[in-house]
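This report concerns only the one structure given below.
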Amino acid sequence: MSEVRRLKETASTNDAAKKWAEAGAPDGAVVTADHQTAGRGRLGRSWHSPPGVNLYLSRIYRASFDLLPLQGALAVREAVQAYLPPDLTAAIKWPNDILVNEYKLAGILCELSGDTAVVGIGINVNTTGFPKDLRRPASSLRLLTGAEQDRDAVLKTVLDRLDHWRENTDLVIKNFTNHCITLGREVTVTLPGREPLNGTALRLNDRGALIVKDQSDVEHAVEAGDVD
Ligand code: BT5
């Protein structure tokens, strides 16, 4: 059983988790918040985190960080899929957006600090409205299922699936490949301060990097960045 600390409100559960880790939190410990006042996305972006409706959680890893961002994406994909009707499929956009019919349902932010990794997960469970300026259309379990969902039940499923993938890292690349809609697509990869890379997303390498073939047939291993 993981130790779970539930906060009413915090700036970011990732920051709360890092603080707790510095104070000696055990491996696998989890911080959740009902409301984030400064929820974070990747590359300095923000995560819309209204109170009382969604899941915002961070899990602390003290060891074995192998393919952790991919483990997170697989776990969240499976957790949301468990609540969707069979005609809706949750997919992963590399590296870790969870989309249903191209609508973003969840995002994952993995951060390494010292000898600790924090996997932060935001899932739109019961939100029915979103800010207009999001990068892509968003949705929630409630909007997709037509019914309010139990946040505690979703949390339990996420933790269960995180445990599963941590114990089965040898299957992560294969499973991720099966559910990743980025593969086979024409993509533009952007990283701050770099020229955009245009090409075809071919596969993942064994470290979870995205292999993109450019117009001159040169293959690039993309470790981070935005892929659109
Ligand atoms: C992510 O970043 O998708 C990672 C989000 C991680 C959030 C969790 S919540 C618990 C933990 N504590 C934190 O502080 N963070 C983690 P990225 O790929 O950079 O996507 C961010 C972009 O998604 C934003 O710039 C918006 O355009 C859009 N966005 C923001 N909030 C959203 C939401 N609730 N649903 C869908 N899209 C959203």
#### Entry: Convex hull of the chain built on C-alpha atoms - directionally averaged projected area, nm²
12.4 nm²
## Note on the structure
Rounded to the nearest 10, the angle in degrees between the Cα long axis of helix 68-81 and the longest principal axis of the Cα atoms of the chain comes to 70 degrees
### Message
What does the charge count around residue 184 come to, taking other residues whose C-beta lies under 12 Å from its C-beta (Lys +1, Arg +1, Asp -1, Glu -1)?
### Response
+2
### Message
Within region 39-66, list the residues whose amide N lies under 14 Å from a label point set 7 Å along Cα→Cβ of residue 171.
### Response
none
### Interchain or long-range residues, amide H under 5 Å from residue 89's placed H
101
## Note on the structure
Heavy-atom accessible area per residue of region 1-140, all protein chains kept, 1.4 Å probe, expressed in Å², is 43 Å²
### Query
What does the helix-only formula give at 222 nm for the chain: each DSSP H stretch with n ≥ 4 adding -39500 (n - 2.57), the total divided by the residues, and the result rounded to the nearest 500 deg cm²/dmol?
-7000 deg cm²/dmol
### Query
Can you work out the FRET efficiency for the pair residue 188 and residue 103, with r the C-beta to C-beta distance and R0 = 22 Å, to the nearest 0.05?
0.60
### Query
Among all lysine pairs in region 4-178 that are eight or more places apart or on different chains, how many have alpha carbons less than 28 angstrom apart?
17
## Note on the structure
Listed by chain and number, the residues whose amide H is under 5 Å from that of residue 202, excluding neighbours fewer than 5 places away on the same chain and using placed H, are 184, 211, 212, 213
### Query
Which one of 80, 123, 209 has its Cα pushed farthest toward the positive end of the charge dipole of the chain, where Lys and Arg give +1 and Asp and Glu give -1 at the Cβ?
123
### Query
How large is ³J(HN,Hα), in whole Hz, for each residue of region 121-129 in order, when computed from phi with the Karplus curve 6.51 cos²θ - 1.76 cosθ + 1.60 and θ = phi - 60°, using x for Gly and Pro?
10, x, 10, 6, 8, 10, 5, 10, x
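The values are calculated or read from the model by the stated rules, or taken from the named source; none is laboratory data. The structure presented is a predicted model; accordingly, all values stated were derived computationally and were not measured. Neighbour counts run over all protein chains shown; Cβ positions are idealised from the backbone, glycine included. Note: accessible area is taken over every heavy atom of the protein model, side chains too, but ligands, DNA and RNA are not part of it. Shrake-Rupley method; radii C 1.70, N 1.55, O 1.52, S 1.80 Å.
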